[in-house]
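In what follows, a structure is listed as structure tokens, so that the remarks can point back to it.
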Amino acid sequence: MDANTRLKLLQILEERYELRSVIIVSLLPINKWYDYIEDSTFADAILCRLVSNANTIEIRGESMRYKKKK
């Protein structure tokens, strides 16, 4: 994630924090976000706002797309 994208994401999350809902859908597990964000300070800030009051749903198993192809 480049610096501009990190900053924009953090700004959006700060504006909405404890005021509005945010839905994030990702194929990347939360524990890999630090590596993806590439800046530990921004990663801490972003994940703090996302995870602190979050309801997370982690879906495990094979993708439905792959199951349909079989």
Residues of region 1-32 being closer than 11 Å to Arg49 by Cα and assigned to a helix (DSSP H, G or I), in sequence order, are Leu9, Leu10, Gln11, Ile12, Leu13, Glu14, Glu15, Arg16
Per the filter on region 1-36, residues touching a residue at least 12 places away in the same chain (Cβ under 8 Å), among the small types (Gly, Ala, Ser) and within 30 Å of Ser63 (Cβ to Cβ) are none
* Report whether or not Asp39 is of a type outside the set (Gly, Ala, Ser) and either surrounded by fewer than 11 Cβ atoms within 10 Å (Cβ to Cβ) or touching a residue at least 24 places away in the same chain (Cβ under 8 Å) (or both). => yes
Exercise for review: Would you mind stating whether Glu62 is of a type in the set (Asp, Glu) and part of a helix (DSSP H, G or I)?
Suggested key: no
Every listed condition ((1) part of a loop (DSSP other than H, G, I, E, B); (2) surrounded by 10 or more Cβ atoms within 10 Å (Cβ to Cβ)) holds for Leu50 save (1)
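Taken together, the values in this text are just the output of simple stated rules run on the coordinates, not laboratory data. Note that the structure is a prediction, hence the values are computed from the model and not measured. FYI the Cβ positions are ideal-geometry reconstructions off the backbone, even for glycines, and counts take in every protein chain you see.
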